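Student: Mind looking over this structure? Questions follow.
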Amino acid sequence: MTAASPPEILRAPLVVEFPFTRSLGPVQSAFLTGLREGVVLGVTTADGKVMVPPVEYDPVTAEEIRDLVEVGTSGTVTTWAWNGTPRPNQPLATPFAWVLVRLDGADTAILHALDAPGPEAVATGMRVRVRWAAERTGAITDIACFEPADSRDGDVAAQAAPHGGEFADAVTGIVAPARLDYTYSPGRAQTAYITGLSEQKTIGERCPSCRKVYVPPRGACPTCGVATTDQVEVGPAGTVTTYCIVNIKARNLDIEVPYVYAHIALDGAGLALHGRIGGIPYDQVRMGLRVEPVWTEGGRYPDHYRPTGEPDADYDVYKELI
């Protein structure tokens, strides 16, 4: 008799991406607007230090600070690291150095890219200068990168000059795209769970110590700290333990608002998972409602859950799963 081969562990590329929108206070607004105009601004702290990039609150006293100063566009590398394989959307498409640069007149360093032919051309203490972007909009990317400068370029002893921070058409907000690309492997336990969903089954795992059934399974019991290897099919029906009504439409989500997302304790499970409730007016969803899955076309996973028509579950049945 030959033992069955373990299931292949799943792997898939995954992208997490969203636009991050931030409004700017007077300090950050002046800093970014200054970059658009080819000016680098810092801020003076209570103890007289000049911080670049500027912050809005003193890191020592936590007091609000707004005393802006203009610093030089040349500076000195304080430390660096070579990046031989640039990733998409990094400042340069060719190998470059990440550098911390203390601009003339500043007491702190700014992080950016240095365009250099190789690591042998980079050194702590080297002089560099700003290379401005061809088109500037009021963002940190207005500094395209730093580039090596003549040792006499700029004045290391230059003093920061006070600046009112006033510019025409000031930048008051930014939208920064955030993106993370990686390869995800769900591991043994969730591979079995995902494989089960493709067969319209919900597979959990039971802790051999406390006997709680985890859905989705985690491979180990977070309470007892022991591995969970005993697979248990739960559901398909379950009970709504708690819920919320969603009134804000998500981008690229083809669901009309309002709709309900709920925690659903599937029959036999030791904790609730979340899912959308359909087939019932949103204002009629309630705790204790008995529901069942409605599978997507092709049966890959539940699209939503709908009422089964059974009487509501008693509170005592699901109160420990809220």
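The values are calculated or read from the model by the stated rules, or taken from the named source; none is laboratory data. What you are looking at is a predicted structure, and each value in this text was computed from that prediction instead of being measured. Here the Cβ is made from the backbone with ideal geometry for all residues, glycine too, and neighbour counts use every protein chain on show. Just so you know, the surface numbers come from the protein's heavy atoms only, side chains and all, with ligands and any DNA or RNA stripped out. Shrake-Rupley method; radii C 1.70, N 1.55, O 1.52, S 1.80 Å.
Student: Could you tell me what percent of the accessible area of the chain is made up of carbon and sulfur, with a 1.4 Å probe and every protein chain present?
Tutor: Details: 9590 of 18630 Å².
Answer for the chain is 51 percent, counting heavy atoms of protein chains only.
Student: Among Met287, Met51, what's the order by accessible area (1.4 angstrom probe), most exposed first? Write down the numbers at each step before the final one.
Tutor: Values: Met287 85, Met51 35 Å².
Final ranking, largest accessible area leading: Met287, Met51.
Student: Would you work out the relative contact order for the stretch 75-122, in percent, from Cα pairs under 8 angstrom that are 6 or more residues apart?
Tutor: Answer for the stretch 75-122 is 36 percent.
Student: Ok, one more. Just tell me which lysines come within less than 26 Å, Cα to Cα, of Lys319; anything on the same chain fewer than 8 places away is out.
Tutor: Partners found: Lys201, Lys212.
Student: How would Phe18, Phe96, Phe167 rank on accessible area, largest to smallest, probe 1.4 Å?
Tutor: Phe18, Phe167, Phe96
Student: Glu147: net charge of surrounding residues, Cβ under 9 Å, Lys/Arg +1, Asp/Glu -1, itself excluded? Display every interim value, and only then the final one.
Tutor: Values: positive: Arg129, Arg131; negative: Asp115.
The answer is +1.
Student: Once amide H atoms are placed 1.01 Å from N in the peptide plane, what residues at a sequence separation of 5 or more from Tyr259, or on another chain, have their amide H within under 5 Å of its amide H?
Tutor: Correct list: Val246.
Student: Keeping all protein chains in position, work out how much accessible area Lys319 exposes to a 1.4 Å probe, and write it in Å² to the nearest 10.
Tutor: Roll a 1.4 Å probe over it and Lys319 shows about 90 Å².
Student: Then there's this: Could you report the chain's accessible area per residue, 1.4 Å probe, as an integer in Å²?
Tutor: About 58 Å² of surface per residue is accessible.
Student: Please list, in chain and number order, the residues 5+ apart from Ala237 or on another chain whose amide H is under 5 Å from its amide H, with Hs placed from the backbone.
Tutor: For Ala237, the qualifying residues are Asp267.
Student: I would also like to ask the following. Residues with beta-carbon under 15 Å from that of Ile248, excluding Ile248: net charge, scoring Lys, Arg +1 and Asp, Glu -1? Numbers along the way, then the final one.
Tutor: On the way: positive: Lys249, Arg251, Arg276; negative: Asp254, Glu256.
My count for the surroundings of Ile248 gives +1.
Student: Protein chains only, probe 1.4 Å: how do Ile110, Ile245 rank by accessible area, largest first?
Tutor: Result, largest first: Ile245, Ile110.
Student: Here's a follow-up. Under a crude label model (7 Å from the Cα following the beta-carbon direction), how far is Trp132 from Trp82 in nanometres?
Tutor: Simple spin-label model gives 3.2 nm for this pair.
Student: Skipping prolines and chain starts, which residues have an amide H placed within reach, meaning under 5 Å, of the one on Cys145, given they are 5 or more residues away or on another chain?
Tutor: When sequence neighbours closer than 5 places are left aside, the close amide H contacts are Arg131.
Student: Still on this model: Just add up the charged neighbours of Pro186: K/R +1, D/E -1, any other residue whose Cβ is under 15 Å from the Cβ of Pro186.
Tutor: +2
Student: Continuing with this model, one more query. How high is the relative contact order of the stretch 144-277, in percent, with contacts defined as C-alpha pairs under 8 Å that are six or more residues apart?
Tutor: 16 percent
Student: How much of Trp82 can a 1.4 Å solvent probe reach, expressed as accessible area in Å² and rounded to 10?
Tutor: 80 Å²
Student: First check a/c for the stretch 182-223, with a ≥ b ≥ c the square roots of the eigenvalues of its C-alpha gyration tensor; if it is under 1.5, answer rounded, and if not, answer prolate when a/b is larger than b/c or oblate otherwise. Each step should come with its number before you reach the end.
Tutor: Numbers: a/c = 3.32, a/b = 1.38, b/c = 2.40.
It comes out oblate by the Cα gyration axes.
Student: What shape does the chain take by its C-alpha gyration tensor, where a ≥ b ≥ c are the square roots of the eigenvalues and a/c under 1.5 counts as rounded, a/b above b/c as prolate, and the rest as oblate?
Tutor: Details: a/c = 2.99, a/b = 2.14, b/c = 1.40.
Prolate shape, in that a/c is at least 1.5 and a/b is the bigger ratio.
Student: Give me the percent relative contact order of the chain, please, defined on Cα pairs under 8 angstrom at least 6 residues apart.
Tutor: 15 percent
Student: Another one. May I ask you to evaluate 6.51 cos²θ - 1.76 cosθ + 1.60, the Karplus curve with θ = phi - 60°, for each residue of the stretch 299-306 and list the ³J(HN,Hα) values in order in whole Hz, giving x for glycine and proline?
Tutor: Values per residue, Gly and Pro as x: x, 7, 6, x, 6, 6, 10, 10 Hz.
Student: Helix 26-36: angle to the longest alpha-carbon principal axis of the chain, degrees 0 to 90, nearest 10?
Tutor: Orientation of helix 26-36: about 70 degrees from the principal axis.
Student: According to a simple spin-label model (label point 7 Å from Cα along Cα-to-Cβ), what is the distance in nm between Val39 and Gln200?
Tutor: Here the modelled spin labels are 6.8 nm apart.
Student: OK, next. Using a/c under 1.5 as the rounded threshold, could you call the stretch 43-144 rounded, prolate or oblate? The axes a ≥ b ≥ c are square roots of the C-alpha gyration tensor eigenvalues, and prolate needs a/b larger than b/c, oblate otherwise. Please report the intermediate quantities before stating the final value.
Tutor: On the way: a/c = 2.23, a/b = 1.74, b/c = 1.28.
Prolate.
Student: Thr229 to Val16: extension gain in nm, 0.36 nm per residue of separation minus the Cα-Cα distance?
Tutor: Taking Thr229 through Val16 to full extension adds about 73.7 nm, to one decimal.
Student: Next up: Let's test the formula: R0 of 41 Å, r as the Cβ-Cβ distance of Glu8 and Glu120. What FRET efficiency results, to the nearest 0.05?
Tutor: Values: r = 45 Å, r/R0 = 1.11.
It comes to 0.35.
Student: Could you tell me the accessible area of Ile322 in Å² (1.4 Å probe, neighbours in place), rounded to the nearest ten?
Tutor: Ile322 has an accessible surface of roughly 100 Å² with all protein chains in place.
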